[in-house]
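Contents: one structure, followed by commentary.
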Amino acid sequence: MVTWYSFEQDGSDVGIFGQRFHCDPQPAAVNDLTVELALNGTKLHFGWDDATGADDYVVMQDSSAAGPFVVMTGSAADGGSGLMVPIPPGTFRYYLVAGRNTDCGLGPLR
């Protein structure tokens, strides 16, 4: 038997045929996000408090504050170390961070 699921990044648990799916633990939202200039203003350093249920973290980016935030900028093992990325030249970028784990995927983007 093959079962197909399609899950939204918002943590929805409804598959494409309306069946319910539950994963545990769902990564909680990250808190206390910080962004700082680093390396003489050439990079951005993202930091956050670790979220319950997250194995690692992803930083997503978009050129619009409304998203859809589908471009992954990078990943990090924890929020204490965080992630450092080059500053994109000549354009504004918006960033969101989410915890993720192998059972549930991405938690809420913040």
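Using DSSP to call loops (not H, G, I, E or B), can you name the chymotrypsin sites (Phe, Trp or Tyr not before Pro) in segment 17-78 whose Cβ has at most 14 other Cβ atoms within 10 angstrom?
Phe17, Phe21
Quick one: compute a quarter of the convex hull surface over the Cα atoms of segment 31-106 and quote it in nm².
Directional mean of the projected Cα hull area for segment 31-106 stands at 5.2 nm².
With an 8 Å cut-off on Cα pairs and a minimum separation of 6 or more residues, tell me the relative contact order of segment 36-110 in percent.
35
Put +1 on the Cβ of every Lys and Arg and -1 on every Asp and Glu Cβ in segment 31-106; which of Leu37, Ala77, Cys104 then has its Cα farthest towards the positive end of the dipole?
Leu37
Once you place label points 7 Å from the Cα toward the Cβ at Ser63 and Tyr94, how far apart are they in nm?
1.4
Might you report the magnitude of the Cβ-based charge dipole of segment 31-106 about its Cα centre, with Lys and Arg at +1 and Asp and Glu at -1, to the nearest 20 debye?
Result for segment 31-106 is approximately 380 debye, rounded to the nearest 20.
At a 10 angstrom cut-off on C-beta neighbours, averaged per residue, how do the peptides 73-80, 99-106, 36-43 rank from highest to lowest?
In decreasing order of mean packing, 73-80, 99-106, 36-43 become 99-106, 73-80, 36-43.
Spelling out what I want: for every residue of segment 27-32, take phi, set θ = phi - 60°, compute 6.51 cos²θ - 1.76 cosθ + 1.60 (Karplus), and round to whole Hz; glycine and proline get x.
Residue by residue, segment 27-32 yields x, 6, 6, 6, 10, 6 Hz.
Computed from the coordinates by the stated procedures, all read-outs in this text should not be read as laboratory data. Just so we're clear, the structure is a prediction, and the values are computed from it rather than from any experiment. FYI the Cβ positions are ideal-geometry reconstructions off the backbone, even for glycines, and counts take in every protein chain you see.
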